[in-house]
Number of protein chains: 2
Amino acid sequence: MHKSRLAGFIIDCQTDDLDGAAKFWTQALGYTLRAPQSPAEADLYRTLETGPGGLHIEVQQVEHPSRVHLDIETDDIEAEVQRLEKLGARRVKQLHTWWVMEAPTGQRFCVVRPQSPDLAAKGNVWD
Amino acid sequence: MHKSRLAGFIIDCQTDDLDGAAKFWTQALGYTLRAPQSPAEADLYRTLETGPGGLHIEVQQVEHPSRVHLDIETDDIEAEVQRLEKLGARRVKQLHTWWVMEAPTGQRFCVVRPQSPDLAAKGNVWD
């Protein structure tokens, strides 16, 4: 048995100006920025402050074309990846602690470790 | 003065099998489907049931390459589009009641009419 749920989404920006990208998206969506929690986070990510129960939303500096991708959080990455493979998704590559996958409909998404305390209470339970 | 907020996101699927696409995404994210509220909705959209306070999430059949796009809901489309233009976004095309826009970081997104009762209480207020 494991749990998973939609954690949120990442706004992938092909840019050399991560702060400028984050400025646009915070103002467009009406959020503030959360202080980075590590130097590694500060290097490539800006996290939007969406409040308690809010989705996890990050602006990420990337080298591929800009897009938006979804993140699924889980307490068991391998079990969740296998569940999604049975639904028709495929593994693309493993990065650090997460897996990049591709849906049968073509979108890339990531399977990541728990991003919020809500997973335990609100996660879907899979046998 | 007008209001806007992130309404949710649309999972654009380049497919002839909208029901198959919706089946994958409901199972992947652990949601059920909401009954279509009009024949027009049933034609191209499947709406996920995300519960009270949840984001508005739809699976849409499209002809362009698959992607995920964000929707911003507002009580004044023209005022919101002009606000976003000042932040650096540009108008792409008007469709029915909404505007397709492009962020300065390249992602397409839509400015749409209110999707939820939460806009009045939780929307950002812009002068």
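The values are calculated or read from the model by the stated rules, or taken from the named source; none is laboratory data. This structure is a prediction, so every number in the text was calculated from the model and none was measured. All Cβ positions, even for glycine, are placed from backbone atoms using ideal geometry, and neighbour counts span all protein chains on display. Surface areas here come from the heavy atoms of the whole protein model, side chains and all, with no ligands, DNA or RNA. Shrake-Rupley method; radii C 1.70, N 1.55, O 1.52, S 1.80 Å.
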Output the number of residues of segment A:17-49 satisfying the condition of being more than 11 Å from every other protein chain (Cβ to nearest Cβ) and either in contact (Cβ under 8 Å) with a residue 40 or more places away in the chain or among the acidic types (Asp, Glu) (or both). 4
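When residues of segment B:89-119 are filtered for being part of a loop (DSSP other than H, G, I, E, B) and either among the hydrophobic types (A, V, I, L, M, F, W, C) or more than 12 Å from chain A (Cβ to nearest Cβ) (or both), how many remain? Outline the logic, then answer.
In the first step, residues of segment B:89-119 are kept if they are part of a loop (DSSP other than H, G, I, E, B); the result is B:89, B:96-97, B:103-107, B:113-117.
Now restrict to residues that are either among the hydrophobic types (A, V, I, L, M, F, W, C) or more than 12 Å from chain A (Cβ to nearest Cβ) (or both): B:89, B:96-97, B:103, B:113-117.
Counting residues in segment B:89-119 that are part of a loop (DSSP other than H, G, I, E, B) and either among the hydrophobic types (A, V, I, L, M, F, W, C) or more than 12 Å from chain A (Cβ to nearest Cβ) (or both) gives 9.
When you check A:Gly30 against the structure, is it at positive phi, open to solvent by less than 40 Å² (accessible area, probe 1.4 Å) and modelled with pLDDT of 95 or more, yes or no?
Numbers: at positive phi: yes; open to solvent by less than 40 Å² (accessible area, probe 1.4 Å): yes; modelled with pLDDT of 95 or more: yes.
When the stated conditions are applied, A:Gly30 passes them.
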Segment A:16-75, residues that are among the polar types (S, T, N, Q), within 20 Å of B:His56 (Cα to Cα) and in contact with a His (Cβ under 9 Å, 6 or more places away or on another chain): A:Thr50
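Restricting to segment A:1-59, and then to whatever is assigned to a strand (DSSP E or B) and of a type in the set (S, T, N, Q), can you tell me which residue is nearest to A:Glu73 (Cα to Cα)? Can you show your working first?
We begin by selecting, within segment A:1-59, every residue assigned to a strand (DSSP E or B); these are A:2-14, A:32-33, A:45-49, A:56-59.
In the following step, the residues that additionally are of a type in the set (S, T, N, Q) were identified as A:4, A:14, A:32, A:47.
Numbers: A:Ser4: 5, A:Gln14: 24, A:Thr32: 23, A:Thr47: 16 Å.
Going through the qualifying residues, I end up with A:Ser4.
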Which of the following residues is within 10 Å of chain A (Cβ to nearest Cβ), modelled with pLDDT under 95 and either surrounded by fewer than 13 Cβ atoms within 10 Å (Cβ to Cβ) or out of contact with any Ser or Thr (no Cβ under 7 Å at 6 or more places or on another chain) (or both): B:Lys122, B:Lys86? B:Lys122
Take the residues of segment A:45-83 that are exposed (fewer than 13 other Cβ atoms within 10 Å of the Cβ) and in contact with a strand residue (DSSP E or B) (Cβ under 6 Å, 6 or more places away or on another chain): which is farthest from B:Thr50 (Cα to Cα)? A:Pro65
